[in-house]
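Asker: I have a structure here, written as structure tokens, and I will follow up with some questions on it.
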Amino acid sequence: QTDLQSIISSLHQNRQLRLALSLLKNSSSSISPDELERYKLRINQMQAYESFCNQEYKQAMDKYIESKCDPLKVVALYPNLLPENGKTVQKTTSNPPPQLSGVQLIDAYRALVPFLTYHRQEIDLNI
């Protein structure tokens, strides 16, 4: 592992996501393009989760799209949309997803609709 990879891993683990992403964007070719892309997607997913927990639902959905996150993982953040045995656990953080109810839940659903529409369109294009 190169020094740059060690620094990025440390920033990633310490949740200094913006700094890690900035360093990745400005890095030289010491990291393979595939590994660079994996880091970027993972960091974007973590940023999306933070946005979701901070009730910034539209921003979170935009980041989830950018990070090519599995829609099932996003839907699992919402109460009662998946059976309990079908829920996936957010393993990127020790923070559990927020308990959504009332206005927060409505706002979160409003952000989910365009996210799911985007993925539906992606499926339709690939058929």
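The values are calculated or read from the model by the stated rules, or taken from the named source; none is laboratory data. Since this is a predicted model, take the numbers as computed values, not measurements. Here the Cβ positions follow ideal geometry from the backbone for every residue, glycine too, while neighbour counts run over all protein chains shown. Areas reflect the complete protein model, heavy atoms only, side chains present, ligands, DNA and RNA absent. Shrake-Rupley method; radii C 1.70, N 1.55, O 1.52, S 1.80 Å.
Conditions tested, residue by residue: (1) modelled with pLDDT of 90 or more; (2) part of a loop (DSSP other than H, G, I, E, B); (3) open to solvent by 60 Å² or more (accessible area, probe 1.4 Å); (4) farther than 28 Å from Asn26 by Cα.
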{"residue": "Lys40", "(1), (2), (3), (4)": "no, no, no, no"}
{"residue": "Met46", "(1), (2), (3), (4)": "no, no, no, no"}
{"residue": "Ser51", "(1), (2), (3), (4)": "yes, no, no, no"}
{"residue": "Met61", "(1), (2), (3), (4)": "yes, no, no, no"}
{"residue": "Cys69", "(1), (2), (3), (4)": "yes, yes, no, no"}
{"residue": "Asn80", "(1), (2), (3), (4)": "no, yes, yes, yes"}
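Asker: Here is a further query. When only residues in segment 97-109 that are open to solvent by less than 50 Å² (accessible area, probe 1.4 Å) and not small (Gly, Ala, Ser) count, which is modelled with the lowest pLDDT?
Answerer: The residue in question is Pro97.
Asker: A further question on this structure: Taking the conditions exactly as written (exposed (fewer than 15 other Cβ atoms within 10 Å of the Cβ) and at pLDDT below 90), does Ser94 satisfy them or not?
Answerer: Here the answer is yes, as Ser94 does meet what is asked.
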